[in-house]
Every structure is written in structure tokens, then in C-alpha cells.
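Visitor: Mind looking over this structure? Questions follow.
The values are calculated or read from the model by the stated rules, or taken from the named source; none is laboratory data. This is a predicted model, so every value here is computed, not measured. Using ideal geometry, Cβ is built from the backbone for each residue, glycine included, and neighbour counts are taken over all protein chains shown.
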Amino acid sequence: MFKNEEMVLNDAGNMVAKTLSELSNHFEGVKIPEYVVMPNHVHFIVYLPGNIQLKTVVSEFKSYTTHLYSDMVNKDAQPFKRRLWQRNYYEHIIRNPRAYDFISHYIKVNPQRWKKDALNLRHETDTDEIMKTVLDLQ
């Protein structure tokens, strides 16, 4: 939910944010320096040491949050039997400080851009294509 163009997380959003912030406790050397939880997706930067694969971290994150969400909703309603996360995910290797700064800023301001976000089912017609700029920074 948005209030004064700021993201206000519900219980599920808080659970996802907490899980992201605690990933480094479960994977040695993994760091999440930036993240934002949106109404229907997340953005985050992840630093991976050489011995850990992104697909492992993302798979564990998705599995664990789905389990926690299922426990949350099963207390009050019918059993949750749907998917919480899409099957795939978008990844991009950050290759230089300029790209890192751009993506970090994008994550921080993403809640303010929600009205133009193509992932917002009610987005304005002139959606942002800001992430295409990342390719120019490589």
C-alpha cells in the first residue's frame, strides 16, 4: 500500500523485507546492500562470493518466503496452494560503480515511481523504461 508516495508494507511485505535483510545470516558472504519490497515484486542488489550461485539464493528466498506466507494465510483462510513468486527472475550483472549507483538509486526511488511501473496493473500509459538505461552504463 502507498501512503504519501511511500511504501507501507503489510504483514506479508514485512516478512519478505525481513527475509531479504537476513539472507546474509543463511549464506556466508552474501550481502544485500539495497532492496525494496513493492506490492507485487521486489528489487534487490545481491553481492555473491565466488562459491555461491544466484539461483541458489533466489530459490531459497522464494521457497522460504512462500512457506512463511502459507503459514500466515493458513491461520485465517483456506490453504494457500498457489504460487507466490513467478517462475523466473530478471538478473543483471553490475559491472562498474556508475551502474551500481544508477541501479541503487532506481531501487531507492522505485516506490515513488509506482504509478509508472509496468508491473503495476494500473500503471499510467507512459510507463518507465528506465532500466534500459542500465545497458548504456556497461
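Visitor: If you go through region 22-36 one residue at a time, how many are at pLDDT 95 or above and of a type in the set (Ser, Thr, Tyr)?
Guide: Residues meeting the conditions: 1.
Visitor: Test PHE44 against the stated conditions and say whether it is aromatic (Phe, Trp, Tyr) and either touching a strand residue (DSSP E or B) at 6+ places or on another chain (Cβ under 8 Å) or modelled with pLDDT of 95 or more (or both).
Guide: Criteria met by PHE44.
Visitor: Somewhere in region 116-138, is a residue at pLDDT 90 or above and surrounded by 11 or more Cβ atoms within 10 Å (Cβ to Cβ)?
Guide: Among the residues of region 116-138, not one is at pLDDT 90 or above and surrounded by 11 or more Cβ atoms within 10 Å (Cβ to Cβ), which makes the answer no.
Visitor: Name the single residue, out of those in region 95-111 being closer than 21 Å to VAL8 by Cβ and in contact with a His (Cβ under 8 Å, 6 or more places away or on another chain), that is surrounded by the most Cβ atoms within 10 Å (Cβ to Cβ).
Guide: Restricting to residues being closer than 21 Å to VAL8 by Cβ and in contact with a His (Cβ under 8 Å, 6 or more places away or on another chain), the top hit is ASN110.
Condition check ((1) charged (D, E, K, R); (2) more than 17 Å from MET38 (Cβ to Cβ); (3) at pLDDT 95 or above) across all residues:
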| position | (1), (2), (3) |
| --- | --- |
| VAL57 | no, yes, yes |
| LEU68 | no, yes, no |
| ASN74 | no, yes, no |
| TRP85 | no, no, no |
| ARG95 | yes, yes, no |
| ALA99 | no, yes, no |
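Visitor: Could I ask something else about it? Right, PHE80: modelled with pLDDT under 90 and out of contact with any strand residue (DSSP E or B) (no Cβ under 7 Å at 6 or more places or on another chain) or not?
Guide: Against the criterion (modelled with pLDDT under 90 and out of contact with any strand residue (DSSP E or B) (no Cβ under 7 Å at 6 or more places or on another chain)), PHE80 qualifies.
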